1. Hey, can you grab everything whose amide H is under 5 Å from the amide H of S142? Only 5+ residues off in sequence or another chain; H modelled, so Pro and N-termini drop out.
2. Considering Cα pairs under 8 angstrom that are at least six residues apart, work out the relative contact order of the stretch 134-201 and quote it in whole percent.
3. Separation of the stretch 204-221 and the stretch 304-320 by C-alpha centroid, Å?
4. Report the calculated FRET efficiency for T148 and N419 (r = Cβ-Cβ distance, R0 = 51 Å), to the nearest 0.05.
5. Looking at the square roots a ≥ b ≥ c of the eigenvalues of the Cα gyration tensor of the stretch 112-178, which shape do they give, rounded for a/c under 1.5, prolate if a/b is larger than b/c, or oblate?
6. Give me the Å³ per residue figure for the convex hull around the C-alpha atoms of the stretch 76-165.
7. Which trypsin sites (Lys or Arg not before Pro) in the stretch 117-197 pass both tests, a DSSP loop state and at most 13 other beta-carbon atoms within 10 Å?
8. So which trypsin sites (Lys or Arg not before Pro) in the stretch 349-421 are both in a DSSP loop and have at most 12 other Cβ atoms within 10 Å of their Cβ?
Amino acid sequence: MKLRGWFRSVILTTAFACFSPVQSAWAQQLPNFQYPQMTKSDSGDQQELRLPPPRLGFAQPPLLFRPVQPFGGSGTYGLSPAQTRRAYGFDKLPNQGSGQTVAIVDAYDHPSIESDLAVFSAQYGLAACTTANGCFRKIYASGKQPKTDAGWALEIALDVEWVHAIAPQARIILVEAATNGFGDLFKAVDVAVKNGASVVSMSWGAKEWKGEKGYDSHFSINGVTFTVSSGDRGTGAAYPAASTLVVAVGGTSLSVDGSGNYTSETAWKGSGGGVSAYENAPTFQATYPVPSASAGKRGIPDVSYNGNPSTGFSIYDTVPYSGYKGWFMVGGTSAGAPQWAALFAIANSTRTAARKRLLNATPGILYTLAKSNYAGNYYDVTSGTNGKCGSVCTAAARYDYVTGLGSPRADALISALVNQP
């Protein structure tokens, strides 16, 4: 898809955190992280702004964006909800997530998210989602309003607005962690589950570390599906995407025609993926099977979704970031995790209407459905790379370590998820 505009493109890439098991910061309350001065490099007509890596023991959202105009413009830019729903087949489904609750877990506070969501919804003809009508709720995981952080506010805007774009009848709970320290983020995950979420979206992560499996218990919850972005630095495993109990979402470059119809998809070079150093291959991957390069370890990601910022999504955010606010075009695997969460909410809504239980052990179900009808349930992404490491960095038929099983044919995949016992 070709997108046009007069502005000079700006891409921001946030880095995943590094974690050392020697550090005790994991379980501590950590001070507010202030974004350092961004570094700049020019590539063609695009000015790239890249954040230096954050401190040890912190997570960052894998988010990339382009402001529509300096200091906020009046026009929108990027894929609209209607185009995206059309491309992946959501528009063929009558169900839009009614009766389900999607929790979004992020760090810090977005003070104007409800009003920004209202602008986004009005722009694209979506139903209002407010505290007053019971659609939206914000929870402070620590019981106290966190500080505002502009980078995380962009992530919150993306997550909230695009869950609503894909599943406009689902309820949304935004659970804000006190900081982007892992102890605070996992506390927020637990709060999300306790408040009735059937799907939890997490667009953040860190490089793997020894002992990470000790935190998998946060995701061992019956009837709750967890989606996690895989990262935006190309090849390399990250946590919690490496957990065998979550659906890890990689990134692609999506092309659509003028009407929003799907035309093609390639692997996006920034898609996080690879082989876990610490998590063993789950049975559903070992028996699928994933390529032999995994050597008995967990392969990442499980699935994928449009993530290239050049084919990104329109969002509205009024928390100023480096002088920009208003409409942005946003990409990264951050965009895929909330939209896969919306997909599972629609499936759960339909299952509930059919008097079936909520989806459980969802990652394994995705591989079962790939075995039974791969071409019917997934778009196979077979070209593109996310690094220079041979087959592990190269998209291929069916499963690969860049795009997983591929992207969703949402209408068929949701139907297949509903038909599971």
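1. A178
2. Details: 66 pairs, mean separation 27.7, N = 68.
Reported relative contact order: 41 percent.
3. Between the Cα centres of the stretch 204-221 and the stretch 304-320 lies a distance of 27 Å.
4. Numbers: r = 44 Å, r/R0 = 0.87.
FRET efficiency, T148 to N419: 0.70.
5. Numbers: a/c = 2.15, a/b = 1.55, b/c = 1.39.
Prolate, because a/c is 1.5 or more and a/b exceeds b/c.
6. Numbers: hull volume 10.2 nm³, N = 90.
It comes to 114 Å³ per residue, whole-number rounded.
7. K144
8. Values: sites: R351, R355, K356, R357, K371, K388, R398, R409; in loops: R355, K356, R357, K388, R398, R409.
Of the trypsin sites (Lys or Arg not before Pro), the ones in loops of the stretch 349-421 whose Cβ has at most 12 other Cβ atoms within 10 Å are R355, R357, K388.
The values are calculated or read from the model by the stated rules, or taken from the named source; none is laboratory data. Since we're looking at a predicted model, the values are computed, not measured. Virtual Cβ from ideal backbone geometry, glycine too; neighbours counted across all protein chains shown. What goes into the accessible areas is simple: the full protein's heavy atoms, side chains included, and nothing from ligands, DNA or RNA. Shrake-Rupley method; radii C 1.70, N 1.55, O 1.52, S 1.80 Å.
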